[in-house]
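Each remark here refers to the structure printed beneath this line.
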Amino acid sequence: MNTTVMQLPEEEYILPGTRACSGCGLSLAYRYILKALGDKAILTIPASCLTVLHGLYPSTSVRLTNINTAFATTAASATGIVAALKALGKTDYTVVGIAGDGGTFDIGIQALSAAAERNTDFLYICYDNEGYMNTGTQRSSATPMGAHTTTTPTTKIEHKKDMLAIMEAHGIPYVASASPAYPLDLFDKVKEARTIQGTRFIQVNIPCAPGWGFPTEDLIKLGKMAVDTAMWVLYEVKAGSFRLTGRSRSIARRGQNKPVGQYLKLQERFRQMTPEQTDHLQTWVDQRWERFLQRHQVSD
Amino acid sequence: MVKVRIINGNEAAALGAKLSGVQVVAAYPITPQSKIPETLAKYVESGELKAEFIRVESEHSALTVCISASTVGARVFTATAANGLAYMHEQLHWAAGARLPIVMALANRGLGAPWTIFNDMQDSIAQRDTGWMQVYCRDNQEIIDSIIMGYKISEQIHVPMMVCFDGFVLSHTVMPVELPDQERVDAFLPAYKPHLQVDGPEPLNINPVMLAEPRADARGVACPSYMGFRMRLQKTLEGAEDVILQVGREFGDLFGRHYGYLLWEYRTDGADTILLTMGSLANEASLAADQLREKGYKAGVVALRVFRPFPAEALRKALSQVENLIVFDKNISYGYEGATCTETKAALFDSGLRPVITNFIVGLGGKSVSPADLQSAALAALQQKGRINGPQWLGVAV
């Protein structure tokens, strides 16, 4: 699938006037995610930025049914929806759990791992803004090394957890990474995931202006620079077969990654990083990219 | 013809769920209730029960699966005990707040630390403020009947129900149980109609963020605030007694076993001394009352069948002639006394009834309680005439 802008559905599922922050990467990603899902989807969302986007009772800004659920429970909630729809013979719905990185990497990983092991038939989308942004920018296990957060005031020491690898290790039929800076790639991946049976996992890198510290108009610039520096890599693993996609695929074919410093300097959260930390992060990114290249060549 | 089977409490619970036609079951192993999901898994895999059985990784997920499945419109069931129930705590609030008619079997067991696998009621009593109804069973017949009635009550008022029974004492003890006929159960318990339609024409945002003050919807109609919804739950529970009694009577008309009562009473006529308790201990208490009667004491037993909603009015009536009230609690609210004792005192306060009340904490972590134990506790209480301060720990020397 290589959807063009002209082929995108005109249907909008997010109404104007949401409670998301200005320049919110999630709003943009969500717009394309919902376009790809269409009408026949039931959502379940834990406490997170997306709860805020959906609005305050009794009004909502989203034109799809959403069952709000407790923080740790996204995948279990999706499991319950899937089970009930099956029991009631309503089989034409795509069930979608959408949680942030805190709700996925941290508090929700147990229920998610269990659902993936059962290969429960739902799509799980993790919108990864690399911290607890809704509660005031605390560190999560998705926060990159070197980032300042309100609970790592002298920067985070540990590297970001590789959630995509963890999910892939469950042997589920579809795992992919995406970015709102590349909306067509994101759209195609959600559309692809919709057609597959079993647990599907898509992790979307979500630049967060207030949490990361960049001007709201730089959202796309940030998303693109994340991919250009291989801080974020676009790929998919379909039925065990790996391939780089979109911009990451182009870089692999011809060209090379930009130094991570170009990405770091755009954001307040990395202000305290020492040159040693930056070197260390660069090495980590380079080694990771090398592994992706090897997997890509094997499969290409 | 009435079918009687010799089964334990766990099998009775599983059969109750099966007869109720549950459509989604999610449960996790924990002693002493594990036999319930095991039995249901067998029913589902053999095709005897047409349901989705979800083998979750935790009790927290078990209840979450039930919550979302119930929201979509399936009749759901789970079972747990002790730490499993404690692990569900967050979702107990969620289920009641979301007004979902979930029925849960609970094999009462003491909580760690330190570990015990044996019976007391600390687990369910600790969840009394979650908004769930709680009924306590005296025997295995009450387990199967209470689960079937539980769905009818819960689905009428949209409040979940915990059907509690003593771990091991009932869960692992076989006794004759009359099996309700499936056709009659189907007539008694109509199909579940959810209060929301997730696949309706209008998209819904279910259980969103609320504000403290009411807000108007798109048509300008004021909608409830968070506190308004909390008030509705309370008001519903205040009116739940009538529904419980009505369903209990209906059940009796169809199956011959009447449950048109909130309190189980034994030899209370003319009694001035009442042993008050819950669950299977009511059986030992009734033997103790017999022994006390033989000694010339006018003793009887009141057992709370329903603990939430709390049957305050029924208690005031049952205890109106009572001079000595001896409360046996298989739980303790640390730093005060047994929960049923406190709540009973509060219920009596309004009516001005002032019996001499003595509280005994009994049977924690499976410590055996015999009729003789209860009798000697009662005699001690009668002799001391209110000079006992605080709860007494029955039979605990060290």
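Going by the conditions given, is B:VAL4 within 12 Å of chain A (Cβ to nearest Cβ) and in contact (Cβ under 8 Å) with a residue 12 or more places away in the chain? Give the derivation first.
Values: within 12 Å of chain A (Cβ to nearest Cβ): no; in contact (Cβ under 8 Å) with a residue 12 or more places away in the chain: yes.
When the stated conditions are applied, B:VAL4 does not pass them.
Go through region A:69-98 residue by residue and tally those that are touching a Leu at 6+ places or on another chain (Cβ under 8 Å) and buried (at least 24 other Cβ atoms within 10 Å of the Cβ).
Quick first cut of region A:69-98, residues touching a Leu at 6+ places or on another chain (Cβ under 8 Å) only: A:74-75, A:91, A:93-98.
Imposing the further condition that a residue be buried (at least 24 other Cβ atoms within 10 Å of the Cβ) reduces the set to A:74-75, A:95-98.
Here the count works out to 6.
Here is a check on your reading of the model: is B:VAL135 touching a helix residue (DSSP H, G or I) at 6+ places or on another chain (Cβ under 7 Å), among the β-branched types (Val, Ile, Thr) and within 21 Å of B:GLY279 (Cα to Cα)?
Details: touching a helix residue (DSSP H, G or I) at 6+ places or on another chain (Cβ under 7 Å): yes; among the β-branched types (Val, Ile, Thr): yes; within 21 Å of B:GLY279 (Cα to Cα): yes.
Spelling it out, B:VAL135 is indeed touching a helix residue (DSSP H, G or I) at 6+ places or on another chain (Cβ under 7 Å), among the β-branched types (Val, Ile, Thr) and within 21 Å of B:GLY279 (Cα to Cα).
So which of A:ALA230, A:ALA226, A:ALA181 ends up being within 22 Å of A:ASN134 (Cβ to Cβ), aliphatic (A, V, I, L, M) and part of a loop (DSSP other than H, G, I, E, B)? Write out each step before concluding.
Working: A:ALA230 fails: within 22 Å of A:ASN134 (Cβ to Cβ); A:ALA226 fails: part of a loop (DSSP other than H, G, I, E, B).
Answer to the check: A:ALA181.
For the list (1) closer than 18 Å to B:LEU15 by Cβ; (2) in a loop (DSSP other than H, G, I, E, B), I need the number of the one condition that B:VAL169 fails.
(1)
If you scan region B:190-234, which residues turn out to be under 20 Å from A:ALA47 (Cα atoms), assigned to a loop (DSSP other than H, G, I, E, B) and free of Cβ contacts under 8 Å to residues at least 60 places away in the same chain?
Correct list: B:PRO203, B:LEU204, B:PRO208, B:MET210, B:LEU211, B:ALA212, B:SER225.
Quick one: count up the residues across region A:70-92 that are more than 7 Å from chain B (Cβ to nearest Cβ) and in contact with a strand residue (DSSP E or B) (Cβ under 7 Å, 6 or more places away or on another chain). Step through it out loud before you land on a result.
Our first condition is that a residue be more than 7 Å from chain B (Cβ to nearest Cβ); within region A:70-92, this holds for A:71, A:74-75, A:78, A:82, A:89, A:91-92.
Subsequent filtering for residues that are in contact with a strand residue (DSSP E or B) (Cβ under 7 Å, 6 or more places away or on another chain) retains A:71, A:74-75, A:78, A:82.
Of the residues in region A:70-92, 5 are more than 7 Å from chain B (Cβ to nearest Cβ) and in contact with a strand residue (DSSP E or B) (Cβ under 7 Å, 6 or more places away or on another chain).
Out of A:SER241, A:SER248, I need the residue that is polar (S, T, N, Q), crowded, with 21+ Cβ neighbours inside 10 Å and either in contact with a helix residue (DSSP H, G or I) (Cβ under 9 Å, 6 or more places away or on another chain) or modelled with pLDDT of 95 or more (or both). Which one?
A:SER248
Among the residues of region B:147-169, is there at least one that is within 28 Å of B:LEU237 (Cα to Cα), β-branched (Val, Ile, Thr) and within 14 Å of chain A (Cβ to nearest Cβ)?
No, region B:147-169 has no match at all.
Surrounded by fewer than 21 Cβ atoms within 10 Å (Cβ to Cβ), modelled with pLDDT of 95 or more and either more than 21 Å from B:LEU196 (Cα to Cα) or more than 7 Å from chain B (Cβ to nearest Cβ) (or both): is that true of A:ARG63 in this structure? If you could, list the steps in order and put the result at the bottom.
Values: surrounded by fewer than 21 Cβ atoms within 10 Å (Cβ to Cβ): yes; modelled with pLDDT of 95 or more: yes; either more than 21 Å from B:LEU196 (Cα to Cα) or more than 7 Å from chain B (Cβ to nearest Cβ) (or both): no.
Answer is no for this residue.
Do we have A:PRO46 as within 11 Å of chain B (Cβ to nearest Cβ) and either aliphatic (A, V, I, L, M) or crowded, with 24+ Cβ neighbours inside 10 Å (or both) here? Walk me through it before giving the result.
Working: within 11 Å of chain B (Cβ to nearest Cβ): yes; either aliphatic (A, V, I, L, M) or crowded, with 24+ Cβ neighbours inside 10 Å (or both): yes.
Considered against the rule, which asks whether it is within 11 Å of chain B (Cβ to nearest Cβ) and either aliphatic (A, V, I, L, M) or crowded, with 24+ Cβ neighbours inside 10 Å (or both), A:PRO46 comes out as yes.
Kindly evaluate B:GLY131 against the criterion of being at positive phi, more than 13 Å from chain A (Cβ to nearest Cβ), surrounded by fewer than 24 Cβ atoms within 10 Å (Cβ to Cβ) and not charged (D, E, K, R). Steps first, answer last, please.
Details: at positive phi: yes; more than 13 Å from chain A (Cβ to nearest Cβ): yes; surrounded by fewer than 24 Cβ atoms within 10 Å (Cβ to Cβ): yes; not charged (D, E, K, R): yes.
Here the answer is yes, as B:GLY131 does meet what is asked.
Output the residues belonging to region A:198-223 that are assigned to a loop (DSSP other than H, G, I, E, B) and not hydroxyl-bearing (Ser, Thr, Tyr).
Filtering region A:198-223 down to residues assigned to a loop (DSSP other than H, G, I, E, B) leaves A:198-199, A:206-208, A:214-215.
Selection gives A:GLY198, A:ILE206, A:PRO207, A:CYS208, A:PHE214, A:PRO215.
So B:ALA105 fits all but one of (1) assigned to a loop (DSSP other than H, G, I, E, B); (2) of a type in the set (Gly, Ala, Ser); (3) buried (at least 24 other Cβ atoms within 10 Å of the Cβ); what number is the exception?
Every condition holds for B:ALA105 apart from (1).
Matching residues to (1) out of contact with any helix residue (DSSP H, G or I) (no Cβ under 7 Å at 6 or more places or on another chain); (2) aromatic (Phe, Trp, Tyr):
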| site | (1), (2) |
| --- | --- |
| A:HIS159 | no, no |
| A:LEU164 | yes, no |
| A:MET167 | no, no |
| A:HIS170 | no, no |
| A:ASP185 | no, no |
| A:ALA193 | yes, no |
| A:ARG200 | no, no |
| A:PHE214 | no, yes |
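Could you tell me whether region B:177-188 includes any residue that is more than 14 Å from chain A (Cβ to nearest Cβ) and under 20 Å from B:ASP242 (Cβ atoms)? Break it down stepwise before answering.
In the first step, residues of region B:177-188 are kept if they are more than 14 Å from chain A (Cβ to nearest Cβ); the result is B:177-188.
Now restrict to residues that are under 20 Å from B:ASP242 (Cβ atoms): B:188.
Taking every residue of region B:177-188 in turn, at least one turns out to be more than 14 Å from chain A (Cβ to nearest Cβ) and under 20 Å from B:ASP242 (Cβ atoms).
Any residue at all in region A:24-38 that is among the basic types (Lys, Arg) and either closer than 20 Å to A:GLN203 by Cα or buried (at least 24 other Cβ atoms within 10 Å of the Cβ) (or both)?
Residues of region A:24-38 that are among the basic types (Lys, Arg), as a first pass: A:31, A:35.
Now narrow it down to the ones that are either closer than 20 Å to A:GLN203 by Cα or buried (at least 24 other Cβ atoms within 10 Å of the Cβ) (or both): A:31, A:35.
Yes, region A:24-38 contains at least one residue that is among the basic types (Lys, Arg) and either closer than 20 Å to A:GLN203 by Cα or buried (at least 24 other Cβ atoms within 10 Å of the Cβ) (or both).
Can you pull out every residue in region A:93-123 that is under 10 Å from A:LEU43 (Cβ atoms) and either basic (Lys, Arg) or within 11 Å of another protein chain (Cβ to nearest Cβ) (or both)?
A:VAL95, A:GLY97
Would you mind listing the strands (runs of 3 or more DSSP E) fully within region B:1-101 where at least 1 residues are aromatic (Phe, Trp, Tyr) and surrounded by fewer than 24 Cβ atoms within 10 Å (Cβ to Cβ)?
So the answer is B:52-55.
Residue-wise test of (1) without any contact (Cβ under 8 Å) to a residue 60 or more places away in the chain; (2) touching a Pro at 6+ places or on another chain (Cβ under 9 Å); (3) of a type in the set (Ser, Thr, Tyr); (4) over 23 Å from B:LEU315 (Cβ atoms).
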| position | (1), (2), (3), (4) |
| --- | --- |
| B:GLY338 | yes, yes, no, no |
| B:THR344 | no, no, yes, no |
| B:LEU348 | yes, yes, no, no |
| B:LEU379 | no, no, no, yes |
| B:GLN383 | yes, no, no, yes |
| B:TRP393 | yes, no, no, yes |
| B:VAL396 | yes, no, no, yes |
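The values are calculated or read from the model by the stated rules, or taken from the named source; none is laboratory data. This one's a predicted model, so the numbers in the text were calculated from it and none came from an experiment. In this analysis, Cβ positions are derived from the backbone assuming ideal geometry, glycine residues included, and neighbour counts consider all displayed protein chains.
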